[in-house]
Amino acid sequence: MKKIIVLLSVIPAIGSLSVVNRVEPYIFGLPFIIFWSTAWLILTSICLYISSVICDRKEENK
Amino acid sequence: MNSSILIITITLALAFYLGIRAKKGREMKLDQWAVGGRNFGSLIMFVLMAGEMFSTFVFLGASGAAYRMGGPTIYIFCALTYIVPFWILPPIWRYAKKHNVLTQSDFFTKKYNSKSLGLLVAVIGVLSMIPYIVLQLKGFQIIVSEASYGLIPPTVAVWIGMLCVTVFVYVSGIHGSAWTAVLKDILILIVIVFLGIYLPIHYFGGIQPMFETLEATKPGFLLLPDEGLSISWYVSLCLTIALGQYMWPHCFGASLSSQNESALRKNSAILPLYQIILVFILFIGFTAVLQIPNLQGGDTDLALFKIAKDAFPPWIVGVVGAAGMLAALVPCSMLILTAATILSKNIYKAVKPDTSNEQLAKLTRIFVPIVSLVSLIFTFYGGNTMIALLTMAYSFVLQLFPPLVFSLLQRNPVSKAGASAGMILGVVLVAYFTLAEATMATLFPNAPHFIQDLDIGIVAITFNLIVMLAVSAFTRKNQQTILEEEPVKRIITS
């Protein structure tokens, strides 16, 4: 489960570069490529946070 | 005296006070001094690690890079950098706590049961850290002389700054760094977000209009081009950074000061959010491209100060300078602390094993001013090739990654001979590439672009990995007997 979450955060961020390497459309005033890499900062953070909660729970159960 | 100098001076005094006060009520034994007795919670860990990562590079380097490179500068906030530590730091911390490990070199010594391997790691670590410290000091010089409008001579400024840091590291160890880092982070956050939002609005009426003007004046500037700073360059550089970041002895050391594994994971989860402030740095650099054109070469690193002076009165420039000054000094303090610990514990003691713990603690503190002084000398006489040296240093520490990760496996297939051979080869390759100023393109002029654009660090680590596994395959037998000794004994006794 944790691994899936992490893979989900890596593959789109890196794998899709050739598609997202563009200026338009502007989102929140940012060129698309910059918006995209910023968005993944937030999404990665959320994924990692969820993973860390799962890890903590596992440790408690031990 | 103008208001800018006043603000810088007050900030330095405050940082010094916080650094000194941090030791209050604690007895400074070596592990309290070096890893805070391993009782830092999530919040203070976060501040500490952010404190080292967001250095003068963020301030001068990143805005300068945005000015020079344009869109490809997005490599500075690659989210991948924090996924790697999320997985590798908890097992490292667990092992370090169990075996009472204080430094990276100790870790390798214990894991591979080899003092010479630990010594090799220690030497690579210290060699890589000196250019890093010098780069911070060079940044400090630029920041203070720019922010004081040339009134404070750079040499005097560096001496004062370095003295303050040396004293509070000497007195408070890692606690001093942590408290100064809090002040630094607050200031940096305010300054960068403010500049990043205000400047585009001030000059262009908004962030999107700024980008549109940029795209119209310099088409393609915001994108990864097909050649050079291409997608394969971006991906390989992100990998180099992600794998290498926690191989820096000071980052590795700071993660050992965590209270528990959970704090480390939460920390990796929050750091990407902190990176968002780097996006604002891009805005500053991009606005400067349009407003202050024609900065060349090393002057591009002045982009942030040039535009701040253009837009604001001296007291705001003073606040910007104060934030930049702390951005140089806090990482410096962590680096000096770590370098001193490695020098005494992993180099001096490896050579003279009969050193007692009290002697060691004393020796570590003696190394603090020595490291500071050596770095100062390099800052004054080292020339301007530091950026090349830093890139080299980054790729050096990256070479520690393969043997580290393999050592976390339950059955480590790598022998100490394999690990040493791989690391040495990796370091030699990186040094050769840097000194000969070779890139993949000069070596393989006919290769496709996606290969030519690869980062040297990644190429070296690949060779490192191959040699490490090959040598290990031949030397594995000896290693195996050592590893299996314990379980065998257990079987016999039970």
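Here are the numbers for the structure shown:
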read-out	value
Length-normalised contact order of chain B in % [C-alpha pairs under 8 Å, at least 6 apart]	30
Tail beyond 17 Å, pair distance distribution of region B:256-321 (Cα, percent)	59
Segment B:E437-B:D226, extension gain: residue separation times 0.36 nm, minus the distance between their alpha carbons	73.7 nm
Contour minus Cα-Cα distance for B:N446 and B:I160 (0.36 nm per residue)	97.8 nm
Within-9-Å neighbourhood charge of B:S262 [Cβ basis; K, R +1; D, E -1]	-1
Virtual paramagnetic centre 7 Å along Cα→Cβ of B:L127, amide N under 12 Å, in region B:432-454	B:432
Efficiency of FRET from Cβ geometry, A:I46 and B:I292, R₀ 41 Å, rounded to 0.05	0.65
Accessible area (Å², 1.4 Å probe, nearest 10) - B:I461	20
Chain B, helix-only ellipticity at 222 nm - DSSP H runs n ≥ 4, -39,500 (n - 2.57), divided by all residues, nearest 500	-24500 deg cm²/dmol
Surrounding net charge for B:P272, when Lys and Arg each add one and Asp and Glu each subtract one, Cβ distance under 14 Å	+2
Unpartnered cysteines - no second Cys beta carbon under 4.7 Å - across chain B	B:C164, B:C251, B:C332
For the pair A and B, total buried accessible area rounded to nearest 100 Å², probe 1.4 Å	2900
Solvent accessible area, Å² - A:C47, 1.4 Å probe, full protein context	30
Amide N of region B:230-253 lying under 19 Å from the label point, which is placed 7 angstrom from the Cα of B:L469 along Cα→Cβ	B:240, B:243
Estimated distance in nm for a label pair at B:I366 and B:Y95, the labels positioned 7 Å out from Cα along Cα-to-Cβ	3.2
Diffusion coefficient, µm² s⁻¹, Stokes-Einstein with Kirkwood Rh over alpha-carbon pairs of the protein assembly as shown at 25 °C and 0.890 mPa s	101
Net charge of neighbours whose Cβ lies under 14 Å from the Cβ of B:G321, counting Lys and Arg as +1 and Asp and Glu as -1	+2
Distance violations [Cα-Cα > 22 Å] among B:K98/B:K352; B:K111/B:K362; A:K58/B:K111; B:K138/B:K309; B:K110/B:K362	B:K98/B:K352; B:K111/B:K362; A:K58/B:K111; B:K110/B:K362
Added length on full extension, which subtracts the Cα-Cα distance from 0.36 nm per residue, B:A216 to B:Y149	20.7 nm
Probe 1.4 Å, accessible area per residue of the protein assembly as shown, Å²	42
Rg over Rh [alpha-carbon atoms, Kirkwood Rh] for chain B	0.98
Percent accessible area from carbon and sulfur atoms, the protein assembly as shown, protein chains only, probe 1.4 Å	67
Stokes-Einstein D for region B:147-229, Kirkwood Rh over Cα pairs, 37 °C, 0.692 mPa s (µm²/s)	193
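The values are calculated or read from the model by the stated rules, or taken from the named source; none is laboratory data. None of these values were measured; they are calculated from a predicted model. As a convention, Cβ positions derive from the backbone with ideal geometry for all residues, glycine included, and neighbour counts pool all protein chains shown. Calculation scope for accessible area: heavy atoms of the full protein, side chains included, ligands and nucleic acids excluded. Shrake-Rupley method; radii C 1.70, N 1.55, O 1.52, S 1.80 Å.
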